[in-house]
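Working notes, structure below.
The values are calculated or read from the model by the stated rules, or taken from the named source; none is laboratory data. Values in this document were obtained by computation on a predicted structure and should not be read as measured data. All accessible areas refer to the heavy atoms of the entire protein, side chains included, with ligands and DNA or RNA removed. Shrake-Rupley method; radii C 1.70, N 1.55, O 1.52, S 1.80 Å.
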Amino acid sequence: ISIFLKEIVNNYSKNLFNDISGAVSDILYLFMAYVGALFLSFDYNSFKRKIRRLLPRKIRKPVVNFFEEYLPFIYKYLKGILYDTFLLWALSTFAFYITGLEYAIVYGLILSIFNLIPIIGSYIGGIPAILVALTISPLNAIYVFISVVIVQTIESNFMNPYIMKNVIKLHPLEGLFSLLLL
């Protein structure tokens with residue numbers, strides 16, 4: 001029986017490690033895309049000169065026109081995401097601190113980074129905090145779970161639409177409609 005249990009634990013730990021490494025890899029790719037787009041928006045003139053030299057003449061003008069038209073919007077969108085992430089970090093840190101969770105700053109940061117994954121990201125980011133709270137007491141885990149739900153509700157229904165409305169000048173219904181198309 002003990003060999004059987006060891007085999008189950010080994011298989012479970014390997015699958016868990018693969019799942020965690022895949023999630024971390026996806027988050028790093030997403031982060032690199034955000035950072036790359038942000039740096040591209042800051043140094044657009046240099047990028048434009050390099051693009052003109054590298055692209056064939058046939059497609060040079062449409063590509064440059066595309067970037068001239070959409071890069072300011074991408075910059076505003078990334079700026080809005082940055083504001084939203086910072087405010088979510090502060091709000092979730094405060095909520096975790098109130099529930100008595102140690103290292104509330106770290107768990108707030110994890111939740112806010114995972115929030116970059118649309119719709120379910122911050123719920124996934126709240127799982128480590130809930131699991132740690134479960135080691136303290138089941139009641140504390142319930143408090144942390146409720147705080148994650150409240151923070152996510154505030155962020156997705158109030159903070160994010162307000163930030164996107166003011167930073168991108170995007171009406172909340174337009175943002176909601178674009179999410180429904182995804």
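Residues Asp84, Asp26 ordered from highest to lowest accessible area at a 1.4 Å probe: Asp26, Asp84.
Solvent-accessible surface of protein heavy atoms, probed at 1.4 angstrom with all chains present, puts Glu174, Glu155 in the order Glu174, Glu155, largest first. When you restrict to C-alpha pairs under 8 Å that are six or more residues apart and normalise by the size of region 81-182, the relative contact order lands at 23 percent.
Only protein heavy atoms count here; under a 1.4 Å probe, Phe67 has an accessible surface of about 50 Å². Ile150 sits with roughly 90 Å² accessible to a 1.4 Å probe, with DNA, RNA and ligands left out of the calculation. Ranking of Arg53, Arg60 by solvent-accessible surface, largest first: Arg53, Arg60 (1.4 Å probe, protein heavy atoms only, all chains present). Heavy-atom accessible area for Leu101, with the other protein chains in place and a 1.4 Å probe, reaches approximately 10 Å². Return the carbon/sulfur percentage of the accessible area of region 55-132, one whole number, probe 1.4 Å, all protein chains in place. C and S fraction of accessible area: 75 percent.
How much length, in nm to one decimal, is gained on full extension between Leu134 and Asp26, taken as 0.36 nm per residue of separation minus their Cα-Cα distance?
Extra length from Leu134 to Asp26 when fully extended: 36.2 nm.
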